[in-house]
Amino acid sequence: MQVTFYKYQGTGNDFIIVDNRSSQIDKNDTKRIAELCDRRFGIGADGFILLENDKNTDFRMVYFNSDGNESTMCGNGGRSIVAFAKDIGLIESEAEFLAIDGLHKAEINDGSVKLQMQDVDSIEAHKNHLFLDTGSPHHVEMVSNLSEFEVKTNGAKIRYNEPYGKAGSNVNFVEQIADDTFAVRTYERGVEDETLSCGTGVTAVALAMHKSEKSMANNITLQTQGGELSVKFRKNDNGYEDIWLIGPAKFVFKGEIVW
């Protein structure tokens, strides 16, 4: 079966996207998905995304890590699929779609995608790190000299460490640049390596930095290896709401694969 795929990237976080509204893709074929994401023997990507029909919204997003397994929410993937939906004429400048963590709204303008994330009611503060779920679980830890930090080695150690267990956690290492600006490098579970950017990760970092009073701003700039993102939010009595992840999402190329 010939299938058209589209490659998109959001600040270097790259994805294979397929329009699966006709349900031609076998979502249980984890081996094939992993093969396509392989950077030497496949197309190469941090994740694989299906755009599917949803009767109540513009579309449904189904996200797989590069290991082939369906996973939790991906913020940059969410922004990329919105750009894809616009490019194929499914939406214009606004979207509402369903993902594994629930309903998301989005706006797109001149290649910049603004994605509404889920409210966050709980942030765990520990001695040397914070932990929260922004659609995916994230460990947030401040370090010095981030540019020279061994992200893959240290991230892998934390990823399966207690209390994260078998499910594991994404791991973000952070260095403060200014009151409202932080540099971030992320080790992603399912990729099992550092990625150039992580949308749910920078969202977690922005909220964690506000929670720990490293910043008093409610519009925080995050510098990743793949580019710059921003996160806007509002503090409430229980946690954080009206959270928006903002940044570029761009088409790279398209092609044909045999499934």
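Observations, loosely collected:
- Considering only residues in the range 115-132 that are touching a helix residue (DSSP H, G or I) at 6+ places or on another chain (Cβ under 8 Å) and assigned to a strand (DSSP E or B), the one that is farthest from residue 163 (Cα to Cα) turns out to be 115.
- Flag for residue 86 being among the basic types (Lys, Arg), assigned to a strand (DSSP E or B) and not assigned by TED's automatic domain parsing to the domain that holds residue 189: no
- Residues located in the range 99-122, provided they are of a type in the set (A, V, I, L, M, F, W, C) and buried (at least 19 other Cβ atoms within 10 Å of the Cβ): 99, 106, 108, 113, 115, 117, 120
- Filter pass, residue 28 being free of Cβ contacts under 8 Å to residues at least 12 places away in the same chain and either outside the structural domain of residue 187 (by TED's automatic domain parsing) or crowded, with 24+ Cβ neighbours inside 10 Å (or both): yes
- Check on residue 232, touching a residue at least 24 places away in the same chain (Cβ under 8 Å), of a type outside the set (Gly, Ala, Ser) and surrounded by fewer than 19 Cβ atoms within 10 Å (Cβ to Cβ): no
- The residues of the range 156-168 that are of a type outside the set (Asp, Glu) and either touching a helix residue (DSSP H, G or I) at 6+ places or on another chain (Cβ under 6 Å) or free of Cβ contacts under 8 Å to residues at least 24 places away in the same chain (or both), listed by number, are 157, 160, 161, 163, 165, 166, 168.
- Figure legend. Inter-residue proximity from the range 176-188: first residues in contact (Cβ under 8 Å) with a residue 60 or more places away in the chain, second residues of a type outside the set (A, V, I, L, M, F, W, C), beta-carbon distance below 6 Å, spacing 6+ or different chains. Indicated pairs: 188/170; 188/195.
- Yes/no for residue 161 being surrounded by 13 or more Cβ atoms within 10 Å (Cβ to Cβ) and either in contact with a Phe, Trp or Tyr (Cβ under 9 Å, 6 or more places away or on another chain) or not in a strand (DSSP E or B) (or both): yes
- Those residues of the range 169-187 which are β-branched (Val, Ile, Thr) and touching a Phe, Trp or Tyr at 6+ places or on another chain (Cβ under 6 Å), in sequence order: 171, 174
- Failed criterion for residue 68 (all others in (1) among the small types (Gly, Ala, Ser); (2) assigned to a loop (DSSP other than H, G, I, E, B); (3) in contact with a Leu (Cβ under 7 Å, 6 or more places away or on another chain) hold): (3)
- Enumeration of residues in the range 159-213 that are under 19 Å from residue 15 (Cβ atoms) and either at pLDDT below 95 or small (Gly, Ala, Ser) (or both): 190, 197, 199, 201
- Take the conditions (1) of a type outside the set (A, V, I, L, M, F, W, C); (2) surrounded by 18 or more Cβ atoms within 10 Å (Cβ to Cβ); (3) under 18 Å from the mean Cα position of the chain (by Cα); residue 86 misses just one of them, which is (3).
- You will find that of 186, 221, 203, the residue that is in a helix (DSSP H, G or I), within 28 Å of residue 86 (Cβ to Cβ) and not aromatic (Phe, Trp, Tyr) is 203 and no other.
The values are calculated or read from the model by the stated rules, or taken from the named source; none is laboratory data. Here the structure is a predicted model, which means the values were calculated and not measured. Every residue, glycine as well, gets a Cβ built from its backbone with ideal geometry; the counts of neighbours run over all protein chains shown.
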